[in-house]
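Engineer: Input: one structure, supplied below.
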Amino acid sequence: MAELRYNPLLDTWTMVAGNRQSRPNMPKDWCPFCPGSGRVPDTYEVYKYDNDFPVLSINPGEADPVGSLFYKSMQAYGSCEVILYSSEHTTTMHELSLLHLQKLIELWISRFKELSADKKIKYIFPFENKGEEVGVTMPHPHGQIYAYPFIPLKIRTELNNASLHFDQHHECLICRINKEEKDFGRRIIYENKSFIAYLPYFTDYPYGVFLAAKDHINYLPQLNKEQVNELAEALKVITGSFDCLFDRPFPYMMNFHSNPVNSTDYPGHEKYYHFHIEFYPPLRSKDRIKYYASSEMGAWAAANVAPVEDTARQLRSAKLKYLSGWDKERLRTEIVKEFVQFYGESQIQPQLFSAPARVNLIGEHIDYNGGMVLPAALDFSIYMAIRPRQDLKIYLRDMNYFPEMIEIDLKGKLQHNPDVRWADYPKGVLKVLSDNGYNLKQGFDVLFFSEIPAGAGVSSSAAFEVVFAYGLADINGFKIDKKKIAVLCQKAENEFVGVSCGIMDQFAVAMGKKGNGILLNCATLEFEYVPLELNDYSLVLTNTNKKRGLIDSKYNERLGECREALARLQKQLKINDLCSLDSKTLAANEGLIGDPVLYRRARHVVTENERVKIASQALRQGDLEQLGRVMRASHISLRDDYEVTGIELDTLYDEAKGYPDCIGTRMTGAGFGGCTISIVKTIALDDFKKCVTAGYRSKTGLEPSFYICSVGDGVKKENYKRS
Ligand code: GLA
């Protein structure tokens with residue numbers, strides 16, 4: 001029994017499918033959509049699979065004789081197809097290549113053509129339900145196509161309103177909505193030549209994106225090659241942004257709204273309505289559902305819990321995050337587009353700069369003790385788009401964390417605002433620049449986007465300062481070399497932000513070189529590049545994801561302890577800093593320090609400085625075993641003598657050290673949370689992640705995250721393509 005029952009209250013049809021109730025429960029470890037199941041070809045890229053239990057079919061049975069003269073029924077004629085996006089069981093739409101997505105769209109198109117050739121079909125509806133929140137337990141990526149013998153009510157409502165609008169304004173309603181959104185701008189999520197994605201003014205879901213064709217196109221088969229490519233790109237970016245929004249697989253319903261087929265009910269509909277995709281994601285935050293409950297279902301009175309101008313901003317930031325993992329060139333283009341979105345068009349093109357994160361291979365808490373360190377720049381960065389203004393105002397916006405815009409008046413005094421701490425970094429830079437005679441003659445509009453996780457101990461703040469200082473210097477024609485930029489930025493952090501950091505971070509961020517570590521003497525700022533040739537091994541950062549508090553005060557406390565130990569030693573020894581000593585001399589003078597804690601602090605500094613020399617030599621000789629040994633010794637020293645590790649870092653250390661293909665591991669950065677750095681055999685990376693995650697999770701209850709490091713360049717100006 002499968003039939004359509006007429007609903008006289010709503011003037012539409014309910015599809016009643018008795019056979020769906022008898023659907024067998026699938027075995028847990030079996031998937032009919034995977035090659036080898038016997039249900040699909042052994043190899044395929046995309047595939048149309050006939051629904052095993054269709055509610056609509058071309059051979060529908062007779063309706064149950066339970067109706068009446070009043071209660072009408074109709075045969076459930078039509079079609080229900082499953083569209084398999086890939087043979088890969090666990091992939092998802094945005095992980096598919098553009099080429100692959102184009103094939104998927106071609107399949108939708110060919111299905112649309114074939115289904116619409118049947119004159120009894122009145123509406124064709126491709127859709128996808130994704131995620132357990134919408135009742136999908138089968139992870140294999142797939143959507144469906146229903147071909148109905150009637151036009152569904154929601155579509156009819158849209159068509160009726162579009163028709164009325166056309167009568168009054170002689171324009172397609174979807175074209176008009178596109179135009180409104182385009183003019184307003186702030187709800188646009190993504191746009192290419194052929195498609196525009198936005199959170200419409202009226203949308204009832206906080207993240208309810210509409211993706212609409214820009215040209216007045218009624219049906220999928222009308223898309224030309226270029227439009228197919230651009231739809232593929234837009235789908236990839238939108239679904240990728242969804243998954244980046246809360247760093248979790250994002251559930252949604254994706255619904256293709258096209259014009260009706262074979263219907264005489266809506267004469268002229270081709271003119272007043274057009275193809276677009278509506279997404280309904282049932283989340284209002286990371287783990288809170290947006291229910292379609294009584295008001296929505298019972299009265300069709302939607303309640304959106306969030307102003308979509310805000311959620312659009314979140315989605316645009318998620319989009320940049322997605323692009324950063326997919327395609328850096330697109331990322332750069334989009335950052336500049338965001339800039340123009342915020343600040344408007346102008347004759348003068350914005351310029352784009354970037355400064356990377358850094359990792360320290362070895363030499364921890366050494367820079368403020370005058371010794372050697374061995375950091376490297378990473379290949380994820382903070383970006384800054386910047387354009388001069390006519391007045392003396394600087395406007396700063398950040399795409400990641402901070403919704404507020406900062407205004408700085410160059411005529412006024414630079415002041416701290418305790419409510420907007422992040423602004424201290426650029427303000428500090430402005431202050432040191434002007435203290436050093438670099439005065440700005442005009443203001444700037446500035447937009448930041450950072451790929452660098454904050455609080456992970458990879459120097460997001462140094463990157464922030466350095467990109468700002470370097471960009472300002474470049475645009476204003478100040479001749480400041482990168483080394484000096486680093487020194488000025490350290491000063492900004494020490495004097496304005498109030499953190500007494502050493503020079504290592506700013507130096508690495510400014511001076512980094514692709515494929516190289518920087519062996520830096522922090523007393524003299526002499527340095528050399530050391531190639532990081534790890535052959536079959538990779539550098540892996542593992543983030544404890546511990547929330548760090550009070551780190552600045554702990555940091556300043558250690559600095560104070562080192563100064564005290566030095567002062568006590570200087571009573572008898574002629575030294576400028578702790579790193580002027582070797583460990584033997586220090587041991588011989590333990591009595592001068594006269595305090596076990598201070599002595600241990602000094603011992604860490606002195607032995608760590610020695611380890612840096614051994615490590616750099618080992619690197620040059622390709623002796624990774626030796627490098628690994630001193631890394632481990634460094635961690636022990638930071639744990640026992642310097643006491644800056646803590647349970648999370650120590651657990652990560654223990655887990656990594658116990659892993660056979662991990663040759664060396666240690667905490668990196670200031671400590672008290674943040675990351676470890678490990679050298680792991682490249683082919684074992686996945687297993688390493690799995691094992692470390694399991695151990696770390698069970699001992700700390702936290703989830704670690706991993707970054708495979710690629711060593712990149714320091715601060716630089718970036719080219720970008722205008723779209
Ligand atoms: C922080 C500081 C650096 C350095 C490290 C520890 O990252 O900013 O100057 O002292 O800690 O090595």
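The values are calculated or read from the model by the stated rules, or taken from the named source; none is laboratory data. Bear in mind that the values here come from a model prediction, so they are computed numbers and not experimental data. Don't worry about glycine lacking a Cβ; one is built from the backbone with ideal geometry, like all the others, and counts go over all protein chains shown.
Engineer: Filtering region 647-666 down to residues that are among the small types (Gly, Ala, Ser) and surrounded by 23 or more Cβ atoms within 10 Å (Cβ to Cβ), which residue is nearest to residue 536 (Cα to Cα)?
Structural biologist: Among those that are among the small types (Gly, Ala, Ser) and surrounded by 23 or more Cβ atoms within 10 Å (Cβ to Cβ), it is 664.
Engineer: Give me the pairs, please: first residue somewhere in region 319-332 and closer than 10 Å to residue 720 by Cβ and of a type in the set (Asp, Glu), second residue anywhere and modelled with pLDDT under 95 and part of a helix (DSSP H, G or I), beta-carbon distance under 6 Å, and either six or more positions apart or on two chains.
Structural biologist: Qualifying pairs under 6 Å: none.
Engineer: Here is a further query. Filter region 329-365 down to the residues that are in a loop (DSSP other than H, G, I, E, B) and more than 12 Å from the ligand (Cβ to nearest atom), then identify the one that is nearest to residue 676 (Cα to Cα).
Structural biologist: 350
Engineer: With the structure loaded, tell me whether residue 215 is part of a loop (DSSP other than H, G, I, E, B), acidic (Asp, Glu) and surrounded by fewer than 22 Cβ atoms within 10 Å (Cβ to Cβ) or whether it fails that test.
Structural biologist: Spelling it out, residue 215 is indeed part of a loop (DSSP other than H, G, I, E, B), acidic (Asp, Glu) and surrounded by fewer than 22 Cβ atoms within 10 Å (Cβ to Cβ).
Engineer: What's the number of the condition residue 537 fails, among (1) of a type in the set (Ser, Thr, Tyr); (2) surrounded by 17 or more Cβ atoms within 10 Å (Cβ to Cβ); (3) within 16 Å of the ligand (Cβ to nearest atom)?
Structural biologist: The failed condition is (3).
Engineer: Now, a different point. Just for region 282-318: of the residues that are assigned to a helix (DSSP H, G or I) and of a type in the set (S, T, N, Q), which one is surrounded by the most Cβ atoms within 10 Å (Cβ to Cβ)?
Structural biologist: Checked region 282-318; the qualifying residue surrounded by the most Cβ atoms within 10 Å (Cβ to Cβ) is 311.
Engineer: Could you check residue 205 against (1) farther than 30 Å from residue 294 by Cβ; (2) touching a Phe, Trp or Tyr at 6+ places or on another chain (Cβ under 6 Å) and say which number it fails?
Structural biologist: The failed condition is (1).
Engineer: In addition: Of the conditions (1) surrounded by 16 or more Cβ atoms within 10 Å (Cβ to Cβ); (2) within 14 Å of the ligand (Cβ to nearest atom); (3) at pLDDT 95 or above, residue 555 clears all except one; give me its number.
Structural biologist: (3)
Engineer: Could you pull out the residue among 440, 519 that is closer than 19 Å to residue 369 by Cα, touching a residue at least 24 places away in the same chain (Cβ under 8 Å) and in contact with a Ser or Thr (Cβ under 9 Å, 6 or more places away or on another chain)?
Structural biologist: The conditions single out 519.
Engineer: Identify, by number, the condition in (1) in contact with a helix residue (DSSP H, G or I) (Cβ under 6 Å, 6 or more places away or on another chain); (2) within 15 Å of the ligand (Cβ to nearest atom); (3) within 25 Å of residue 617 (Cα to Cα) that residue 638 doesn't meet.
Structural biologist: Just one mismatch for residue 638, condition (1).
Engineer: Residues 486, 508, 456, 463: which one is assigned to a loop (DSSP other than H, G, I, E, B), within 12 Å of the ligand (Cβ to nearest atom) and buried (at least 20 other Cβ atoms within 10 Å of the Cβ)?
Structural biologist: 456
Engineer: Now a separate question. Take residue 568 and decide whether it is crowded, with 16+ Cβ neighbours inside 10 Å, in contact with a His (Cβ under 9 Å, 6 or more places away or on another chain) and modelled with pLDDT of 95 or more.
Structural biologist: It is false that residue 568 is crowded, with 16+ Cβ neighbours inside 10 Å, in contact with a His (Cβ under 9 Å, 6 or more places away or on another chain) and modelled with pLDDT of 95 or more.
Engineer: Applying the selection to region 511-534, what residues are surrounded by 18 or more Cβ atoms within 10 Å (Cβ to Cβ), more than 32 Å from the chain's Cα centre (by Cα) and among the aliphatic types (A, V, I, L, M)?
Structural biologist: Hit for region 511-534 is 520, nothing else.
Engineer: When both residues are 6+ apart or on different chains and their Cβ atoms are under 7 Å apart, which pairs have a first residue that lies in region 206-220 and is closer than 16 Å to residue 159 by Cα, and a second that is among the small types (Gly, Ala, Ser) and outside any helix (DSSP H, G or I)?
Structural biologist: 218/258; 219/258
Engineer: Go through the residues of region 595-606 one by one and say whether even a single one is part of a loop (DSSP other than H, G, I, E, B) and modelled with pLDDT of 95 or more.
Structural biologist: Yes: region 595-606 contains one or more residues that are part of a loop (DSSP other than H, G, I, E, B) and modelled with pLDDT of 95 or more.
Engineer: With respect to the numbered conditions (1) out of contact with any strand residue (DSSP E or B) (no Cβ under 9 Å at 6 or more places or on another chain); (2) closer than 18 Å to residue 712 by Cβ, which one is the sole condition not fulfilled by residue 558?
Structural biologist: (2)
Engineer: At least 2 residues that are in contact with a strand residue (DSSP E or B) (Cβ under 7 Å, 6 or more places away or on another chain) and over 30 Å from residue 152 (Cα atoms) in each: list the strands (runs of 3 or more DSSP E) lying fully within region 9-105 that qualify.
Structural biologist: Answer list for region 9-105: none.
Engineer: Out of curiosity, is residue 75 touching a helix residue (DSSP H, G or I) at 6+ places or on another chain (Cβ under 9 Å) and surrounded by fewer than 20 Cβ atoms within 10 Å (Cβ to Cβ)?
Structural biologist: no
Engineer: Please pick out the residue among 649, 627, 685 that is within 17 Å of residue 457 (Cα to Cα), at pLDDT 95 or above, in a helix (DSSP H, G or I) and not hydroxyl-bearing (Ser, Thr, Tyr).
Structural biologist: Only one candidate qualifies: 649.
Engineer: Another question about this same structure. Can you tell me which residues in region 665-715 are more than 16 Å from the ligand (Cβ to nearest atom), among the small types (Gly, Ala, Ser) and over 19 Å from residue 518 (Cα atoms)?
Structural biologist: 684, 694, 695, 698, 701, 705
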